[in-house]
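The values are calculated or read from the model by the stated rules, or taken from the named source; none is laboratory data. Predicted, not measured: the structure shown is a model, and the values here were computed from it. All Cβ positions, even for glycine, are placed from backbone atoms using ideal geometry, and neighbour counts span all protein chains on display.
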Amino acid sequence: MTRERWADRTIWVLAIALAVVGVVATVWRPVAPSLPSMPVPQEAFDDGILAAVRSYRVPRLVGATALLLLNVALPVLLVLWGRSRRWLVRRCGDKAHAPVRGGLVGAVIVVIIALVEAPLLFWLGHVHPGQWGFRTASAVGWARDFVAALLIEAVVAGVAVAALLVVVARARRSWPAWAAVLGTVLTAVVVVLQPLVVEPLFLPTTSMPAGPMRDRLQEVLASAGVEADLLVGAASQRTTNVNAYVAGLGPTRRVVVYDTLLDLPRDAVAAVVAHELAHREHEDVLRGVIGTSAALLPAAMLLAWWLRRPRLVALVGARSPADPRLVPVLVAGVAVLTLAGLPLANTWSRRAEAAADARALELTRDPSALIETFRIFVVSDLSWPDPPGVRTVLFGTHPPANERIRAVVGQAQRAGLDVPPVAVFQEQEVARRHLRAAASTPGTP
């Protein structure tokens with residue numbers, strides 16, 4: 001057996017083994033307890049809230065769906081429009097080394113797509129939230145964030161495409177396996193560096209100041225048996241939305257709470273932090289990185305099959321699998337596969353979020369706080385408590401609020417915990433309702 005053939009077999013074994021581990025890590029994980037379906041009075045929101053949610057969310061659903069389709073249509077159009085494709089490849093350096101040239105093509109495609117989508121992104125990210133009182137940043141601030149995010153995305157795309165062309169040129173039979181392994185490694189590097197490099201640009205963080213809120217959250221940390229720095233992100237510089245998240249791996253692992261969240265009652269914030277600590281306990285960030293390999297290997301194999309189609313090769317005039325002329329085709333293929341994989345990725349995410357909710361209840365033993373938090377999120381962020389099916393399939397990374405409330409009530413009843421009557425939550429909801437959410441006439445925030 002030649003050294004090249006031995007190397008090919010080795011990388012295929014490694015890629016397949018990594019993909020299997022990714023599938024196991026995704027499927028064999030902590031899950032929410034199975035509970036019977038039941039109607040729960042706490043899921044009811046009054047007509048004013050539901051009208052405001054519809055007025056805010058329906059236009060956003062239309063806009064987000066259009067953006068999703070544009071992400072696929074634009075690169076496909078670039079492939080079919082021969083003049084623009086040839087101009088793009090030619091302008092990125094006829095004499096440049098093929099991987100460098102291909103990387104430049106990939107980066108420029110990312111920039112072109114973003115610029116075409118910029119008006120819709122501006123409306124979704126600045127104009128519409130501003131009409132409803134969610135935006136605190138200026139148009140200049142939005143533009144600065146847009147440019148910074150675009151530069152990062154273009155650099156990552158360019159490096160990834162250049163590296164892929166090097167691999168394709170040197171390992172033509174095994175490049176899908178190399179792509180899966182190196183892609184997983186690149187994902188891990190990005191996740192590790194994100195809190196250090198990306199996060200400071202968009203969400204500067206500081207340590208949580210001493211006080212009753214920190215003391216309450218330390219109690220949650222103690223019940224979870226973990227030691228962690230509690231960081232506060234300066235979200236109020238850009239939005240009034242409330243949120244928290246876990247990020248990083250190894251030495252960069254952290255729990256970040258939006259400063260806007262700290263305006264809520266301490267028990268509600270403790271419930272949110274318990275949910276995020278559950279993600280950390282379940283190693284959901286690490287599972288996501290490992291699970292990437294399970295998606296990358298079949299995706300790379302499909303792309304390899306697609307890039308070998310004679311009619312496709314003839315269409316773009318490619319001379320080899322590593323020809324930069326194939327980069328627009330590669331970008332279009334990635335866009336199509338990403339859209340096709342969205343429903344599965346969102347299903348996995350909702351499963352992880354449901355498990356985190358269940359663990360948060362175990363940590364706090366306070367169903368009232370969890371239910372109150374879900375209700376506050378609906379009211380303060382105008383989240384859909386029971387969204388249309390298409391929204392759940394395409395964008396539903398979390399279970400809907402009504403589903404989360406039902407799960408908490410069922411789990412609390414099974415554990416013998418008291419759940420307050422609905423009137424308590426309705427009174428709290430009215431007391432905390434933001435003026436924008438009180439609008440009952442659609443289209444008049």
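Some points to look at:
- Lone qualifier among Leu264, Leu307 - being buried (at least 17 other Cβ atoms within 10 Å of the Cβ), at pLDDT below 90 and within 30 Å of Ser236 (Cα to Cα): Leu264
- Any hit, segment 201-212, residues being in a helix (DSSP H, G or I) and surrounded by 20 or more Cβ atoms within 10 Å (Cβ to Cβ): no
- Qualifying positions in segment 213-235 - acidic (Asp, Glu) and surrounded by 19 or more Cβ atoms within 10 Å (Cβ to Cβ): none
- Val185 modelled with pLDDT of 90 or more, in a helix (DSSP H, G or I) and touching a strand residue (DSSP E or B) at 6+ places or on another chain (Cβ under 8 Å): no
- Of all the numbered requirements in (1) in contact (Cβ under 8 Å) with a residue 60 or more places away in the chain; (2) closer than 27 Å to Ser236 by Cβ; (3) basic (Lys, Arg), Arg359 misses one, and that requirement is (2).
- Summed over segment 321-368, the residues that are in a helix (DSSP H, G or I), farther than 25 Å from Val111 by Cα and at pLDDT 90 or above give a count of 23.
- The number of residues in segment 310-334 that are surrounded by 15 or more Cβ atoms within 10 Å (Cβ to Cβ) and under 17 Å from Gly102 (Cα atoms) comes to 17.
- Checked against the criteria, Ala148 does not count as loosely packed, with under 14 Cβ neighbours inside 10 Å and without any contact (Cβ under 8 Å) to a residue 24 or more places away in the chain.
- When Asn243 is tested against the conditions (1) touching a Phe, Trp or Tyr at 6+ places or on another chain (Cβ under 6 Å); (2) within 29 Å of Val27 (Cα to Cα); (3) crowded, with 21+ Cβ neighbours inside 10 Å, the lone failure is (3).
- Just one of the numbered conditions (1) without any contact (Cβ under 8 Å) to a residue 40 or more places away in the chain; (2) outside any helix (DSSP H, G or I); (3) basic (Lys, Arg) is not true of Arg172: (1).
- Lone unmet requirement of (1) at pLDDT 90 or above; (2) under 21 Å from the mean Cα position of the chain (by Cα) for Phe377: (1)
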